[in-house]
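The values are calculated or read from the model by the stated rules, or taken from the named source; none is laboratory data. Quick caveat, the model's predicted, so the values are computed rather than measured. Don't worry about glycine lacking a Cβ; one is built from the backbone with ideal geometry, like all the others, and counts go over all protein chains shown. Ligands, DNA and RNA are excluded from the accessible area calculation, which covers all protein heavy atoms including side chains. Shrake-Rupley method; radii C 1.70, N 1.55, O 1.52, S 1.80 Å.
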Amino acid sequence: MAFGSNTDEAEVGVLLGERLYLGMDFGTSGARFALIDKRGTIHAEGKREYPHFMSEEKVDWARSWKATLFSLLEDIPSHLRKLVASISIDGTSATTLIVDSNTGEPLWRPLLYNESCPDALPTVKSIAPPNHTVCSGSSTLCKLVSWWENDDANKKSALLLHQADWLLWLLHGKLGVSDYNNALKVGYDPELESYPPWLLSQPYAQLLPSVRAPGTSIGHLKEHIISDCGFPNDCVVCAGTTDSIAAFLAARATQPGKAVTSLGSTLAIKLLSTTRIEDARFGVYSHRLDDKWLVGGASNTGGAVLRQIFTDEQLVKLSEQINPMESSLLDYYPLQTIGERFPVADPNMAPRLDPRPESEVEFLHGILESIARIEAKAYSLLKDLGATQVDEVFTAGGGAKNEKWTKIRERVLGLPVSRATQTEAAYGAALLALRGTDEK
């Protein structure tokens, strides 16, 4: 099986006695690792595509993830492995595994982050508070309820884990541990630091994992991994997080008012706030980050619309001709399909890309500026809902490379906007691993 691995050739020297911290990011199509020192300097990084092991004509995702995990460990230069003090992993949010509580082996195929279980939604809505984060067909709780109501397996020896939890278990061997970022969508309350009574009273509450703060030490790396791969005896494994939070951590936006806009196929924003905001109408919810809250929302506008109209080459050439200091008079709402939820909750909203001027430069300018206005409205909505006011925006995703768009956004937002130095979730996971050690 060809995995398609690559590791960075350029290596930074390690100081005598220095330790390194390993982060791994398990995304939608592949996984990455980043190895950093306590200053945040990268010493090695690499990536692998998931091998598609098949089982009954479907991809055996658990087997694919496990194979990729151990391939990444082997990809780390052997002379650096012996310096690794701690490891952490992020995974896709709401990717759910039901495993045997004795062996850790999956009892059912993993339910992926984007899978919806609408059959469980009425049950979940009947027990959860109105507009709770779990009241979405793709939530972890809906996946758990769907499995509980439809599978005849031995439920007494079953346990729920998230993707990152299960992968970390393969490293530390302590079954049944999660973190409060991954556990949010199963109903865990990070403010009270417990599962709520309405959830604990359900028969499937016995499947819920214990929860720790991301980056806290769970235990040492398993002995056979230490001996097989050459990691040190004192290497600890730390609680993980979700991929989007790891990407935010990578940007190192640590003060309230700092935000990260991700300009990928959609427009997603995350703002560090002193106040927790939850509003299911707009798909807005908050993850805990230490004593602060990471408030997030996602619009359906973004790069996917641009890709429908322009090639990458056209985007570069046309952008060069835009004057970002000039305001575009074109008022668009670029969407791929009907429907928007943030910053406007309207499932029937139609895409608006008319009138189309003769000039392609003007047309692109109008689209870029319209997306910037949507971004501004999104931050304004978060403020109206009670979040800390944004004062600086870092940018991740493919759109961060477009300097003209950055200048347009700076003008529209009235804020400093810059490209985040680090945007890889694996780097954020490595920062979590660093947090999990006693070294300062």
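Selection among Gly230, His172, Ile371 by position relative to the dipole of the chain gives His172 as farthest towards the positive end (Cβ unit charges, Cα centre).
Extending 7 Å from the Cα toward the beta-carbon at both Ser201 and Asp234 defines two label points whose distance is 4.9 nm. Taking a threshold of 25 Å on the Cα-Cα distance, which of the pairs Lys58/Lys174; Lys47/Lys401; Lys38/Lys174 fall above it? In this structure, Lys58/Lys174; Lys38/Lys174 lie more than 25 Å apart at Cα.
Helix 360-384 and the long axis of the chain differ in direction by around 60°, with both axes built from C-alpha atoms. Projecting label points 7 angstrom from Cα along Cα→Cβ for Ala304 and Asp151 puts them 2.8 nm apart. What list of ³J(HN,Hα) values in whole Hz, one per residue of the range 13-26 in order, does the Karplus curve 6.51 cos²θ - 1.76 cosθ + 1.60 (θ = phi - 60°) give from phi, with Gly and Pro shown as x? Running phi through 6.51 cos²θ - 1.76 cosθ + 1.60 with θ = phi - 60° gives x, 9, 5, 4, x, 7, 9, 10, 10, 9, x, 10, 10, 9 Hz. Pop out the ³J(HN,Hα) list for the range 309-317 in order, Karplus 6.51 cos²θ - 1.76 cosθ + 1.60 with θ = phi - 60°, rounded to Hz; leave Gly and Pro as x. Those phi angles translate into 9, 10, 7, 4, 5, 4, 4, 5, 5 Hz.
Surface listing: Ser116, Ser64 arranged by accessible area from highest to lowest gives Ser116, Ser64, probe 1.4 Å. Equivalent ellipsoid of the range 286-401: semi-axes from √(5λ) of the C-alpha gyration tensor, largest first, are 28, 17, 13 Å. Around the amide H of Leu330, modelled in the peptide plane, lies no amide H under 5 Å away from a residue 5 or more places distant or on another chain. Ranked from largest to smallest solvent-accessible area, with a 1.4 Å probe on the protein heavy atoms, His287, His52 come out as His52, His287. Taking the Cα centre of the range 217-291 as reference, the dipole from Cβ charges on Lys and Arg (+1) and Asp and Glu (-1) amounts to some 380 debye. Annotation: amide H of Ala253 has no partner in the under-5 Å range at sequence separation 5 or more or interchain, hydrogens built in the peptide plane. Of all lysines in the structure, the ones whose alpha carbon falls short of 24 Å from that of Lys125, not counting any fewer than 8 places away in one chain, are Lys143, Lys155, Lys185. In order along the range 406-417, phi translates into HN-Hα couplings of 4, 5, 4, 5, 4, 5, 5, 6, x, 9, x, 10 Hz, rounded to whole numbers, per the Karplus curve 6.51 cos²θ - 1.76 cosθ + 1.60 with θ = phi - 60° and x for Gly and Pro. Residue separation of Arg252 and Thr123 scaled by 0.36 nm, minus their Cα-Cα distance, works out to 42.5 nm of gained length.
Here is how the number arises for the chain: DSSP H runs of 4 or more residues each give -39500 (n - 2.57), the sum is divided by the residue count, and the result at 222 nm is -8500 deg cm²/dmol.
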